[in-house]
Amino acid sequence: MFGTERLTLRPLTRHDVDALVDLHADPLVNRFVPAFSHEQALRRLSEIESQWSERGHGLCAVHLRATGEFVGRCGLNHWPQFDEIEAGWSFKPAFWGRGYATEAARAVLDWGFAQLSPPYVTAMIRPGNEASVRVATRLGFTPLREDTFLGHRITVYALHAPYSPPSPTPFPSEPSGTDDPPRP
């Protein structure tokens, strides 16, 4: 588990199935990421647990440090079809506009570049998801290519190493933005 002044992040597990289903069931979230049935979410969480055990990284549950409330997910996901590590984030709409996506993603990127040393990390963003484009841009991502993912056209953004965190500390203590959109 790690975090920021406002957030804690821990690996997603099968125990998070209800929270993941609820997050992805929201129509504002599933405009850009798929909704999950209970069974689909369990399969996805099993894949995430496998990535953590086999690759040393994966997606995290994001909770408010002050209350422990689940507010979303963020983390580093390996997609074998691209052989790339992607930074991804999705948050409950009630928590958008508070800088949580930028803050959580920055903490994940700081950790990922320090621990995994990838040459770059991607962010896959569907057309129309301007809030995610703003988060990615705020983090230093730039467009890399156009592609297709899960049957949808996407723009793949990249953040290349060496990565210099925009904040002076490994975990930012101040909000860094106002948009907390769903991802990819």
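The table that follows gives values for the structure above.
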| item | result |
| --- | --- |
| Within segment 48-91, considering residues that are of a type in the set (Phe, Trp, Tyr) and more than 20 Å from LEU144 (Cβ to Cβ), the one surrounded by the most Cβ atoms within 10 Å (Cβ to Cβ) | PHE91 |
| Tally, over segment 101-125, of residues that are among the hydrophobic types (A, V, I, L, M, F, W, C), more than 16 Å from LEU59 (Cβ to Cβ) and not in a helix (DSSP H, G or I) | 1 |
| GLY3 open to solvent by less than 40 Å² (accessible area, probe 1.4 Å), among the small types (Gly, Ala, Ser) and within 21 Å of PHE141 (Cα to Cα) | no |
| Subset tally (residues that are in contact with a strand residue (DSSP E or B) (Cβ under 6 Å, 6 or more places away or on another chain) and either touching a residue at least 60 places away in the same chain (Cβ under 8 Å) or buried (at least 16 other Cβ atoms within 10 Å of the Cβ) (or both)) for segment 118-132 | 8 |
| Per-region count, segment 38-47, residues open to solvent by less than 40 Å² (accessible area, probe 1.4 Å) and within 22 Å of TRP111 (Cβ to Cβ) | 2 |
| Residue in segment 71-80 that is out of contact with any Phe, Trp or Tyr (no Cβ under 8 Å at 6 or more places or on another chain), farther than 28 Å from ALA158 by Cβ and of a type outside the set (Phe, Trp, Tyr) present | no |
| Leading residue by the ranking (nearest to ARG126 (Cα to Cα)) among those in segment 14-37 that are exposed (fewer than 15 other Cβ atoms within 10 Å of the Cβ) and in contact with a helix residue (DSSP H, G or I) (Cβ under 6 Å, 6 or more places away or on another chain) | LEU28 |
| Matching residues, segment 134-148, being out of contact with any Asp or Glu (no Cβ under 9 Å at 6 or more places or on another chain), among the hydrophobic types (A, V, I, L, M, F, W, C) and not in a loop (DSSP other than H, G, I, E, B) | ALA136, LEU139, LEU144 |
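The values are calculated or read from the model by the stated rules, or taken from the named source; none is laboratory data. The shown structure was predicted, so the numbers you read here are calculated from the model rather than taken from an experiment. Every residue, glycine among them, receives a Cβ derived from its backbone with ideal geometry; neighbour counts consider all protein chains shown. Heavy atoms of the whole protein, side chains included, go into the accessibility calculation; ligands, DNA and RNA do not. Shrake-Rupley method; radii C 1.70, N 1.55, O 1.52, S 1.80 Å.
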